[in-house]
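Working notes for the structure below.
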Amino acid sequence: MAKYGVNIFLGNVRLQQQCIRKASQRFTFIPETVQNQTKKMNICQAVNNAMDIALSKIPDSIVFGEDVAFGGVFRCTVGLQDKYGKERVFNTPLCEQGIAGFGIGAAVSGIVAIAEMQFGDYIFPAFDQIINEAAKYRYRSGNLFNCGSLTIRAPCGAVGHGGIYHSQSPEAFFAHSAGLKAICLNFTFSLMFQSNSFQTTITIPRSPKQAKGLLLSSIYDSNPCIFLEPKIMYRLAVEDVPTEEYTIPLGKAEILLQGTDVTLLAWGTQVHIMRKVAEMAKEMLNISCELIDLRTIIPWDENTVYESVKKTGRLLVAHEAPFTMGFGAEIAASVQVFYFFISFTIM
C-alpha cells in the first residue's frame, strides 16, 4: 500500500468526522447474523428483554427509576410492572442521588438492583453516591461488604435535537475516578484481592444483540456496573436477537473487520460511522482497515487493541465526547507507551 494513500486517509479523517452528521441517513446499521431462535428487536426492546429475563430468574431483583412504572420515557421498561408487580418495578422521586443511594443500599443488602437514570446528563447529581460510595464500598470495608449487584442504566450521546441537558456522554468522568478501575492499579489492593475482578464496569453497546448480552452480563456481574445506551440507536438499530438467555463477556473487545493497514477503534454509535469510514478507505484509497468495537470502556481490552496496532502500525480512535479529555486520549496514550514503533501519529 502506498504511503501516500495512508497519509491522505489519516490526514483527512478529522474532516470526514466533522462532515458526518449524526443522523440516521448518515450511516447504515448492519444487522448481525444470528443462529438459534430469534426475534426482531430494537435496542429498547433488547434492553427490556434482558431485564425481563433477569427479573424472571432472580427473585430478589428490582427495577426502579423515574417513570419506569409506565415504561420510561424511551419505553425500555414497558410491561415490566404489569408482569412483576409494583414491589419489584416502581417509580422513584425525581432525585438522581436518591436513586443511586437507594440502589447502593439495596445492593448491599443482597438485592439485585437495576436503576435507570432517565438521561446520562442527569447522572451527575448522583456522582458523589456512585464515586464515593458504590465504587469504594468494597475497599472501605476490606472486602467484607460490597454493592456489586447494582447496575445503573442511562441513555447517552447526542441525537441532534437534545440540547445541553440531553446530549452528553459521561463515561470519561467515571473512567477517571479512583475506585472504579484505577483502584486495581494500586499495588496493595492487587495483592489483597489477587485479581482485577473487583471494579465497576462501564459498557456501551452498538446494537440490540450486544445490548441484551452485555446488559445481562452487567446484571449478573459481581461488581457495580454502569450501562450507557446510545439513544440515537434505540429504534434505528433493528436486528434478529436470540430470545434465549445469553451473556457477552465484559472487558472483551470484538474485531468486526480484519485489516492490515490501520486499526479503527470505536464504541457505541461511532462503530457504525467507522465501518463506513473503512468502506470508503477501501474503495477510494485501497486501504485495509481493521475495525474494533471496544464494547466495554472499563475495563478495556488492552490486549486486543495492542495486538491489532502491532500488526497495522497505525491507530485511529473515534468516540462521541467533548473535544478534550475523552477516553480515546487514554487509549492513545496507553498504546503509545507500549508501542514506540507506531509508524504514524495516533488520531
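All of the numbers you see were taken from the coordinates with simple rules; none came from a lab. Small disclaimer: the values here were computed from a predicted structure and weren't measured. Using ideal geometry, Cβ is built from the backbone for each residue, glycine included, and neighbour counts are taken over all protein chains shown.
Shown is the FRET efficiency for Met280 and Leu94, computed with R0 = 45 Å from the Cβ-Cβ distance and rounded to the nearest 0.05: 0.50.
Taking amide H as placed 1.01 Å from N in the peptide plane, Gly251 has its amide H under 5 Å from the amide H of Thr296, each at least 5 places away in sequence or on another chain.
For the range 38-242, the square roots a ≥ b ≥ c of the C-alpha gyration tensor eigenvalues yield an a/c of 1.5 or more together with a/b exceeding b/c, which makes the shape prolate. Each pair of Cα atoms in the range 109-163 enters the Kirkwood radius, and Stokes-Einstein at 37 °C and 0.692 mPa s then converts it into a translational diffusion coefficient of 256 µm²/s.
Sequence-ordered 3J(HN,Hα) estimates for the range 325-333 from the Karplus curve with 6.51, -1.76 and 1.60 and θ = phi - 60° stand at 6, x, 5, x, 5, 5, 5, 4, 5 Hz, glycine and proline given as x. Among Arg88, Arg235, Arg138, the ranking by other beta carbons within 10 Å of each residue's beta carbon, starting with the fewest, stands as Arg235, Arg88, Arg138.
The 3J(HN,Hα) values that the Karplus relation (6.51, -1.76, 1.60; θ = phi - 60°) gives for the range 291-304 are, in residue order, 9, 10, 9, 5, 6, 10, 7, 10, x, 9, 7, 5, 4, 4 Hz. Gly and Pro appear as x. Counted by neighbouring Cβ atoms within 10 Å, the residues Thr247, Thr312, Thr151 run from fewest to most as Thr247, Thr312, Thr151. Need one word for the range 74-150: rounded, prolate or oblate. Basis is the Cα gyration tensor (sqrt eigenvalues a ≥ b ≥ c); a/c below 1.5 gives rounded, then a/b vs b/c decides. Oblate shape, in that a/c is at least 1.5 and b/c is the bigger or equal ratio. Each of Tyr306, Tyr234 was scored by other Cβ atoms within 10 Å of its Cβ. Arranged with the fewest first, they read Tyr306, Tyr234. For the range 105-121, backbone phi angles converted through the Karplus equation (6.51, -1.76, 1.60; θ = phi - 60°) give residue-by-residue couplings of x, 5, 5, 4, 7, x, 7, 7, 9, 10, 9, 10, 8, 4, 9, x, 4 Hz, Gly and Pro being listed as x. Considering only Pro93, Asn42, Tyr139, and ranking their Cα positions along the charge dipole of the range 38-242 that arises from unit charges at the beta-carbon of Lys, Arg, Asp and Glu, the one farthest toward the positive end is Asn42. Out of the DSSP beta bridges found with both residues in the range 38-242, what percent are antiparallel (nearest 5)? Bridges in the range 38-242 that DSSP calls antiparallel: roughly 20 percent. As an exercise, use a Förster radius of 22 Å and the Cβ-Cβ distance of Ser222 and Glu302 to find the FRET efficiency, rounded to the nearest 0.05. It comes out at approximately 0.55.
Close amide H contacts of Arg153 (hydrogens built in the peptide plane, cut-off under 5 Å, sequence separation of 5 or more or a different chain): Ala115, Glu116, Met117, Phe227. Near Leu257, the amide H atoms lying under 5 Å from its own belong to Leu291; only residues 5 or more places off or on other chains count, and H is placed 1.01 Å from N.
Measuring r between the beta carbons of Ala333 and Tyr246 and using R0 = 35 Å, the FRET efficiency lands at 0.50.
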